[in-house]
Amino acid sequence: MSETSPVFGMRYTGDWLFWTQLALTGDVIEVYKKLNYYRKHGSSATIEGRRFGTAISEEMDVIKYIESAVPLNAYDRLIRHGSFFKRLLRTHVSHGVEKDLFAKFSDYWGDGRYAYRIERINKYLSLFLFCLNRQRMNRCRTGWWPF
């Protein structure tokens, strides 16, 4: 990775971009287990970035890059956009920052309200329909059933 890589200009989500670029170089497996734990304190860059919306803005840039680099089907994109729109709705920033974040979201992916509704429906249906949950769906394909 060269020093001209966008990773070096990112303060909050450069690690996402780094790991994405690394994953694109070879085979990847999914591990559904927490492998890292981070401690956050009030003066950390992460907390500061969330407070002023800069981290969320940077996350949108990385997600847009990932979507351009990794093939995702339309349904997965819609769920991802709905999930991110939900985060925007729940973010506590000033009105001006909130307006800028929603405008950026709209520029990248259009109106997020539809995606948000689909994500919410998916979440509630996944409580009842076993194979809507991504992690469980992989088990469905392999024939492994937890009950």
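Would you be able to say whether some residue in the range 98-109 is free of Cβ contacts under 8 Å to residues at least 24 places away in the same chain and in contact with a Leu (Cβ under 7 Å, 6 or more places away or on another chain)?
Scanning the range 98-109, I find at least one residue that is free of Cβ contacts under 8 Å to residues at least 24 places away in the same chain and in contact with a Leu (Cβ under 7 Å, 6 or more places away or on another chain), so the answer is yes.
Looking only at residues in the range 92-105 that are assigned to a helix (DSSP H, G or I) and open to solvent by 60 Å² or more (accessible area, probe 1.4 Å), which one is nearest to residue 57 (Cα to Cα)?
From the range 92-105, those assigned to a helix (DSSP H, G or I) are 95-105; that's our starting set.
Then keep just the ones that are open to solvent by 60 Å² or more (accessible area, probe 1.4 Å); that gives 95, 99-100.
Working: 95: 15, 99: 12, 100: 9 Å.
Ranking the qualifying residues of the range 92-105, first place goes to 100.
Testing residue 46 on (1) in contact with a helix residue (DSSP H, G or I) (Cβ under 7 Å, 6 or more places away or on another chain); (2) modelled with pLDDT of 75 or more, one condition comes back false. Which one is that?
Only one criterion in (1) in contact with a helix residue (DSSP H, G or I) (Cβ under 7 Å, 6 or more places away or on another chain); (2) modelled with pLDDT of 75 or more is unmet by residue 46, namely (2).
Taking residue 72 and the conditions (1) part of a helix (DSSP H, G or I); (2) aliphatic (A, V, I, L, M); (3) in contact with a helix residue (DSSP H, G or I) (Cβ under 9 Å, 6 or more places away or on another chain); (4) within 29 Å of residue 21 (Cβ to Cβ), which numbered condition does it fall short on, given that it satisfies the others?
(1)
Hey, does the range 16-39 have a residue that's open to solvent by 30 Å² or more (accessible area, probe 1.4 Å), at pLDDT 85 or above, part of a helix (DSSP H, G or I) and in contact with a Lys or Arg (Cβ under 9 Å, 6 or more places away or on another chain)?
No; the residues of the range 16-39 include none that is open to solvent by 30 Å² or more (accessible area, probe 1.4 Å), at pLDDT 85 or above, part of a helix (DSSP H, G or I) and in contact with a Lys or Arg (Cβ under 9 Å, 6 or more places away or on another chain).
Take the residues in the range 65-91 that are without any contact (Cβ under 8 Å) to a residue 24 or more places away in the chain and more than 12 Å from the chain's Cα centre (by Cα), then tell me which one is surrounded by the most Cβ atoms within 10 Å (Cβ to Cβ).
Here the answer is 72.
For residues in the range 49-64 being open to solvent by less than 20 Å² (accessible area, probe 1.4 Å) and not aliphatic (A, V, I, L, M), which is modelled with the highest pLDDT?
Looking at residues that are open to solvent by less than 20 Å² (accessible area, probe 1.4 Å) and not aliphatic (A, V, I, L, M), I get 59.
The values are calculated or read from the model by the stated rules, or taken from the named source; none is laboratory data. What you see is a predicted model; the values in this text were computed from it and never measured. No Cβ is skipped: glycine too gets one built from the backbone with ideal geometry, and neighbour counts run over all protein chains shown. Note: accessible area is taken over every heavy atom of the protein model, side chains too, but ligands, DNA and RNA are not part of it. Shrake-Rupley method; radii C 1.70, N 1.55, O 1.52, S 1.80 Å.
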